[in-house]
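Notes to accompany the following structure.
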Amino acid sequence: MDVVFEVASQRYPLDERAATLRAENLRVKAAHEPGAEGAEGARPVADAIELRLIEDTDDPIILGGDGAEAVYYALNVPNGGSAQLSALFHAVKSLHDEWIR
């Protein structure tokens with residue numbers, strides 16, 4: 001099962017394993033790095049990923065604002081570079097670049 005993220009009306013699926021790892025990373029960031037860049041939106045995105053996995057739903061997680069920032073910083077680390085992760089990273093990077101202007 002894929003978890004689908006939506007950024008600027010484009011959809012980016014991540015397989016279950018990759019989505020689960022992102023949720024775990026986001027939860028750790030929210031719990032252990034409060035106030036860090038991307039931490040504010042980390043827990044809600046992690047919760048949304050978990051909900052999609054538990055309910056086995058293909059409803060997209062729409063990313064913008066703090067959620068997009070959380071995913072940007074969670075993906076802005078060496079991660080093996082799957083095509084799915086790379087595509088999602090570049091999408092949230094575009095939002096991040098607009099956000100900081």
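The values are calculated or read from the model by the stated rules, or taken from the named source; none is laboratory data. Since we're looking at a predicted model, the values are computed, not measured. So basically every Cβ, Gly included, is an ideal-geometry build from the backbone, and we count neighbours across all protein chains shown. We work out accessible area using only protein heavy atoms, side chains counted, and drop any ligands, DNA or RNA first. Shrake-Rupley method; radii C 1.70, N 1.55, O 1.52, S 1.80 Å.
Couple of notes before you dig in:
- Secondary structure note: in the chain, about 65% of the DSSP beta bridges are antiparallel.
- A simple charge model with +1 on the Cβ of Lys and Arg, -1 on the Cβ of Asp and Glu and nothing else charged puts the dipole of the chain at about 300 debye relative to its Cα centre.
- With R₀ set to 22 Å, the beta-carbon distance separating Ala31 from Gln10 gives a calculated FRET efficiency near 0.15.
- Rolling a 1.4 angstrom probe over the protein heavy atoms with all chains in place gives the chain an accessible area of 56 Å² per residue.
- Contact order normalised by residue count of the chain, Cα under 8 Å, 6+ apart, percent: 31 percent
- Per-pair calculated FRET efficiency, R0 = 41 Å: Asp97 and Leu51 via Cβ, rounded to 0.05: 0.90
- Overall, the accessible surface of the chain at a probe of 1.4 angstrom is composed of carbon and sulfur to the extent of 49 percent.
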